[in-house]
Every structure is written in structure tokens, then in C-alpha cells.
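**Q** Please read through the structure below; I'll follow up with questions.
The values are calculated or read from the model by the stated rules, or taken from the named source; none is laboratory data. Treat the numbers as computed from the prediction; the structure is a model and nothing was measured. Note: ideal-geometry Cβ built from the backbone for every residue, glycine included; neighbour counts use all protein chains shown. These area figures cover heavy atoms from the full protein model, side chains too; ligands, DNA and RNA do not enter into them. Shrake-Rupley method; radii C 1.70, N 1.55, O 1.52, S 1.80 Å.
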Amino acid sequence: MTDTYTSLVNGGLTGSLAKKLGLPRPSVLRRHTPGAPLVTGPVLVLGGAVGTGDDADAVARTLLGWDLDVRRTAADDTARWGAVVVVLTEATHPDDLSDPVRELGSVLRSLAPGARVVTVSRPALATDAPALAAVRQGVDGILRSVAKELRGGATGNGVVLAGDVTVDATSVHGALRFLLSARSAFVDGQLLTVSSDAGSAPADWERPLAGRVAVVTGAARGIGAAIATTLARDGARVVVVDVPAAGEQLAKVANAVKSTALQLDITTPDAGTRIIDHAVRRHGGLDIVVHNAGITRDKLLANMKPEVWDSVIAVNIASQLRINEQLLASDAFRDAPRIVSLASTSGIAGNRGQSNYAASKAGVVGMVRATGPLLAEVGGTANAVAPGFIETDMTSRIPFATREVARRLNSLQQGGQPVDVAETVAFFASPAAGGINGTTLRVCGQNLVGA
Ligand code: NAD
């Protein structure tokens, strides 16, 4: 699926014309290529007083450990910044925001293309002193606004440390690395909560899933095929699942990822057991399940036939619930298992004509929130990824004018690619995300729809 407009406005002659006409010019996003540097320039770490041993110093040390060029001050620096990390965990009053945010503002014009702004903060709780809750919630407002001001394919996201999680927790490192990297190209304006210090750093950050066995449903095409390819690139052995009618395409994906295919309708009552049996028999175990298969059957609720409602619920949520029960009951799914489900921004914001789809996708958000603690009992996690507008067969069926509006209505002014969703799924499946559980992360370029 291509976005011709973005190609044209970035082309030589047509690009200059678009500039003269003042047309929006979405940037070509920085995407992951194995071996490429994590960021494209020096990293500025703001917050705290330099050298006082506070959280900002700890973050700077972590980044130095990744061989990044880290600076603690922007003064007299003509660098094109690859990233700015603003550590605000120790702020106690909104007045404390002034210095670090002013410094952030002073470097926003000198960010490199594809740069990253990442805040590190703590959540605002009802039990906090009002001024503390105000400054903590204030970080959300800063982050979401700055993300909307960035240009050149740069993004802004935040890591939120819940409870007594420290900046040195494995998943804080994992989240920071993911948000700084090109893997998070289409994640923008989002806050990712780390809820425990579970998880472990991979032996090799380029192949974090080495030795793991993954199953991806709906993998014959689109986002599912991209997830299979990305998990395989990261070292996993991947079983690809799709309906028998998509068997030929499924076999091609299985060949491409050098693994096995399982033709299966996920609404089959024993689908979970059949997935486990296949993975154990052919690959010796099962560690990661990605619930990607999904359908849309759009109708205004007033016109929706019961069977149309039921089919969407059956595929998009009821089957996932049933498969998860079978996974949780199996001794084969016990080694730090991971479940990653596909939600949708439609489930978060609602969408005209999609009450069935939105019910199922909001259902996924609720399901992972409640499944996370069950998985934690066996050292695992359950999370969801909520894509916005992604260039696939599903969205190519949207009428032209609606499609063109939908794909521009985000801070990056373009649709995402299937690989953008796949990268976030791979991150949730990785050992360094073991402390992130029960959450839903939007991959939507900060779509204006919803929160
Ligand atoms: P797609 O229609 O291109 O592919 C979905 C795949 O799921 C197909 O190969 C299909 O055969 C398979 N499938 C459907 N029913 C199945 C069943 N009962 N058993 C097994 N396989 C089945 O869709 P896509 O755009 O790649 O979307 C993938 C997921 O991402 C879906 O859950 C979708 O709701 C979600 N999503 C997509 C977008 C987007 O913009 N494309 C946005 C938000 C969410």
C-alpha cells in the first residue's frame, strides 16, 4: 500500500512545487534497519541539577552505556540533536517545570530529522498532594502539545514510572530505547507506563527474541504478515495462522519467515489448544501469542443486522478470550509468556458506523488490563497495540476522500505502515518490556481522534 502524496511532496521537482504552494509536506519517517545507530545525533538529557546523582544523571549514565553522545546542557552547542530526554520524576510543583521546559524549547529548532523527545515522569494519583498531582499531570499536557509542534518526522513520547519503579528498572531502559529508536517511527504523543521492575535486558538488542517461539494470527497479509516478519527478524521462530481460504498466501509468509503455517479459523472452539499443540510439536514450546486476526463489518447501528454484530464480536474479541483461557490452562505457556493483542483507535475514540468493531476493540483494551495480572503470576505480560490509520487492504477499501482525510489527521500527516505496528508488537514481546503489563499503546502518529 503506498501513500503517493508523501512520495510526491518529498520528490525533487514535485517537492519544490508543493513547498511553493504551501501544501502539507509529511516527512519520510526514520525506520529501523539492523545495525543503524539508535539515534541520529547527540542526546540532550534535561532535568535535575547536573552531577547531583538524581534521576536525570542516572538516565544520562544509561544512555552513555549505550555508547550515545550524551550532553547535560544545550549551552553553546550547535549540535543537531538526535534526541532530548526530559526527566521530570523529581518535580514537586508546576513551578519546577519552567527551567527544563524552557531549555527544551530552546533546542526544538535544532533537532535532526527523525529526532526524539522523550519525557520521563511519574503518574498523578488521587493520593498525591494537589501540587504534586498537578505537576505530574502537567507533563502529559507538555508532551502531547510538544509532539504536535515537532516537524521533520520527529516524535514526542513519555515513559511513566508507576509505584516504586526507578529510572534504572529494566523496562524503563527498554521503553526509553524503543521510544528513542526508529522502531517507534509512528508512535507519537503517547505515554507508556512501566508498572514493575520485571523483565531482563536481551543478550543482543538486535535479536531480542532469539530462542522464543511466537504465534501470529491473521498472518497471511497486512499487519499480521509484517508482525511475523518483524518477530522473525528479531530472532523468534514464528508460527503463522490464518483461515484455510488464505492458505496460499499464508504458505508464502511461512516460507519467507522460514517457519510453519497453521490453517485455522480462530473462532473454532479448540483454537487455543490447536495453536499450543502445533507450536509444541513443531517448535518445542510456545512463548508469544499475537492476536492480530480481525475483521470489520461496518454499518450504522440502526441498520446493523444481528449476524453482522455477532461476527465481529466472535472474531475480534470472543475468540481471543477463549484462546487465552486455553493458553493460561496449559503448562506449555509458562516461560515468561507474552500475549499481544491488536486493538484500534476506533475502540478508544469510537467511530461512526463501527459500533460492533469499537465494542470488540475497546473489549481488547479491557481484556489486556484484566489479563495482565493473570499472566504476571507466571512471569508474563498481556498488552495491546492500538493502530490508527495503517496502509493495508483493510484501509484501502475506505472511499478515496474519507481515506485521504483519515490518513492526514495526525501529527505526522500520513498513514502508518504495517511494520510500525509490528515493531511495537515486537517490543511488547521482548524481554526488556517485562515490566510493562496490562497497557494499550497507540501506534497512530498522534491521531487527532480520541485521547
Ligand atoms: P487485514 O484484513 O488486511 O488482515 C486480517 C487477516 O486476518 C486476514 O489475513 C484474514 O484472513 C485474517 N482473519 C480474519 N478472520 C480470521 C479468522 N476467523 N481466523 C483466522 N484468521 C482470520 O487486516 P489488517 O489491516 O492487517 O489488520 C490487522 C489487525 O489490525 C486487525 O485486528 C485490525 O482490526 C487491526 N487494525 C488495523 C488497522 C488498519 O488501519 N489497517 C487499524 C486499527 C486496527
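**Q** Taking residue 318 as the residue in question, decide whether it is within 19 Å of residue 359 (Cβ to Cβ), touching a residue at least 40 places away in the same chain (Cβ under 8 Å), out of contact with any strand residue (DSSP E or B) (no Cβ under 8 Å at 6 or more places or on another chain) and hydrophobic (A, V, I, L, M, F, W, C).
**A** Taking the combined requirement at face value, the residue satisfies it.
**Q** Looking at segment 66-89 only, could you name the residues that are modelled with pLDDT of 95 or more and of a type in the set (Asp, Glu)?
**A** Scanning segment 66-89 gives 67, 69.
**Q** Please state which of the following conditions residue 316 fails to meet, knowing it meets all the rest: (1) more than 9 Å from the ligand (Cβ to nearest atom); (2) not in a loop (DSSP other than H, G, I, E, B).
**A** All conditions pass for residue 316, except number (1).
**Q** Moving to a separate point now. Report, ordered by the first and then the second residue, all pairs with beta carbons closer than 9 Å, sequence separation of six or more or different chains, a first member in segment 58-72 that is of a type in the set (Gly, Ala, Ser), and a second member that is surrounded by 15 or more Cβ atoms within 10 Å (Cβ to Cβ) and part of a loop (DSSP other than H, G, I, E, B).
**A** Every condition considered, the pairs that remain are 58/167; 60/72.
**Q** Say we look at segment 288-298 and pick out the residues that are aliphatic (A, V, I, L, M) and either part of a loop (DSSP other than H, G, I, E, B) or within 16 Å of the ligand (Cβ to nearest atom) (or both); which of these is most open to solvent (accessible area, probe 1.4 Å)?
**A** 295
**Q** Shifting gears a bit: What's the number of the only condition in (1) touching a Ser or Thr at 6+ places or on another chain (Cβ under 8 Å); (2) surrounded by fewer than 24 Cβ atoms within 10 Å (Cβ to Cβ); (3) farther than 24 Å from residue 205 by Cα that residue 431 fails to meet?
**A** Just one mismatch for residue 431, condition (3).
**Q** Can you go through 203, 210, 198 and tell me which one is over 25 Å from residue 387 (Cβ atoms), away from the ligand (no atom under 16 Å from the Cβ) and surrounded by 18 or more Cβ atoms within 10 Å (Cβ to Cβ)?
**A** Just one listed residue meets the conditions, 198.
**Q** Turning to a different aspect of this structure: Out of 421, 378, 364, 449, which single residue is closer than 30 Å to residue 328 by Cα and either assigned to a loop (DSSP other than H, G, I, E, B) or modelled with pLDDT under 95 (or both)?
**A** 378 is the lone residue from the list that is closer than 30 Å to residue 328 by Cα and either assigned to a loop (DSSP other than H, G, I, E, B) or modelled with pLDDT under 95 (or both).
**Q** Let me ask another. Given (1) at pLDDT 95 or above; (2) of a type in the set (A, V, I, L, M, F, W, C); (3) within 12 Å of the ligand (Cβ to nearest atom), where does residue 301 come up short, assuming only one miss?
**A** Tallying (1) at pLDDT 95 or above; (2) of a type in the set (A, V, I, L, M, F, W, C); (3) within 12 Å of the ligand (Cβ to nearest atom), residue 301 fails exactly one: (3).
**Q** Now for a separate question. Residue check, residue 437 against (1) open to solvent by 20 Å² or more (accessible area, probe 1.4 Å); (2) free of Cβ contacts under 8 Å to residues at least 60 places away in the same chain; (3) within 18 Å of the chain's Cα centre (by Cα), all met but one. Which one?
**A** For residue 437, the exception is condition (2).
**Q** Moving on. Quick check: anything in segment 53-64 open to solvent by 70 Å² or more (accessible area, probe 1.4 Å) and either under 16 Å from residue 184 (Cα atoms) or at pLDDT 95 or above (or both)?
**A** Within segment 53-64, one or more residues are open to solvent by 70 Å² or more (accessible area, probe 1.4 Å) and either under 16 Å from residue 184 (Cα atoms) or at pLDDT 95 or above (or both).
**Q** Moving on. Among the residues of segment 175-182, are any within 30 Å of residue 10 (Cα to Cα) and in a loop (DSSP other than H, G, I, E, B)?
**A** Yes, segment 175-182 contains at least one residue that is within 30 Å of residue 10 (Cα to Cα) and in a loop (DSSP other than H, G, I, E, B).
**Q** Hey, another quick one. With the condition kept exactly as written, say whether any residue in segment 83-104 is open to solvent by 10 Å² or more (accessible area, probe 1.4 Å) and under 22 Å from residue 185 (Cβ atoms).
**A** No, that holds for no residue.
**Q** Pick out the one residue from 265, 242, 277, 204 that is within 18 Å of residue 320 (Cβ to Cβ) and free of Cβ contacts under 8 Å to residues at least 40 places away in the same chain.
**A** Residue meeting the stated conditions: 265.
**Q** Moving on. In segment 252-287, how many residues are open to solvent by 20 Å² or more (accessible area, probe 1.4 Å), farther than 21 Å from residue 226 by Cβ, more than 16 Å from the ligand (Cβ to nearest atom) and in a loop (DSSP other than H, G, I, E, B)?
**A** 1
**Q** Does segment 138-147 contain any residue that is more than 23 Å from residue 60 (Cβ to Cβ), β-branched (Val, Ile, Thr) and open to solvent by 10 Å² or more (accessible area, probe 1.4 Å)?
**A** No, segment 138-147 has no match at all.
**Q** Filter segment 370-384 for residues that are under 23 Å from residue 422 (Cα atoms) and either of a type in the set (Val, Ile, Thr) or within 15 Å of the ligand (Cβ to nearest atom) (or both) and give the result.
**A** 371, 381, 383, 384
**Q** Looking only at residues that are basic (Lys, Arg) and open to solvent by 20 Å² or more (accessible area, probe 1.4 Å) in segment 337-369, which one is nearest to the ligand (Cβ to nearest atom)?
**A** Looking at residues that are basic (Lys, Arg) and open to solvent by 20 Å² or more (accessible area, probe 1.4 Å), I get 352.
**Q** Quick check on my filter: what residues within segment 218-246 are within 12 Å of the ligand (Cβ to nearest atom), among the small types (Gly, Ala, Ser) and either within 22 Å of residue 280 (Cβ to Cβ) or not in a helix (DSSP H, G or I) (or both)?
**A** Answer for segment 218-246, where residues must be within 12 Å of the ligand (Cβ to nearest atom), among the small types (Gly, Ala, Ser) and either within 22 Å of residue 280 (Cβ to Cβ) or not in a helix (DSSP H, G or I) (or both): 218, 219, 220, 224, 228.
**Q** Criterion first (assigned to a helix (DSSP H, G or I) and farther than 23 Å from residue 295 by Cβ) does residue 401 satisfy it?
**A** It is true that residue 401 is assigned to a helix (DSSP H, G or I) and farther than 23 Å from residue 295 by Cβ.
**Q** Within segment 385-424, restricting attention to residues that are of a type in the set (Val, Ile, Thr), more than 10 Å from the ligand (Cβ to nearest atom) and in contact with a helix residue (DSSP H, G or I) (Cβ under 8 Å, 6 or more places away or on another chain), which residue is most open to solvent (accessible area, probe 1.4 Å)?
**A** In this case the residue turns out to be 419.
**Q** Sort through 168, 188, 128, 197 and tell me the only one that's without any contact (Cβ under 8 Å) to a residue 40 or more places away in the chain and not in a helix (DSSP H, G or I).
**A** Checking each option against the conditions leaves just 128.
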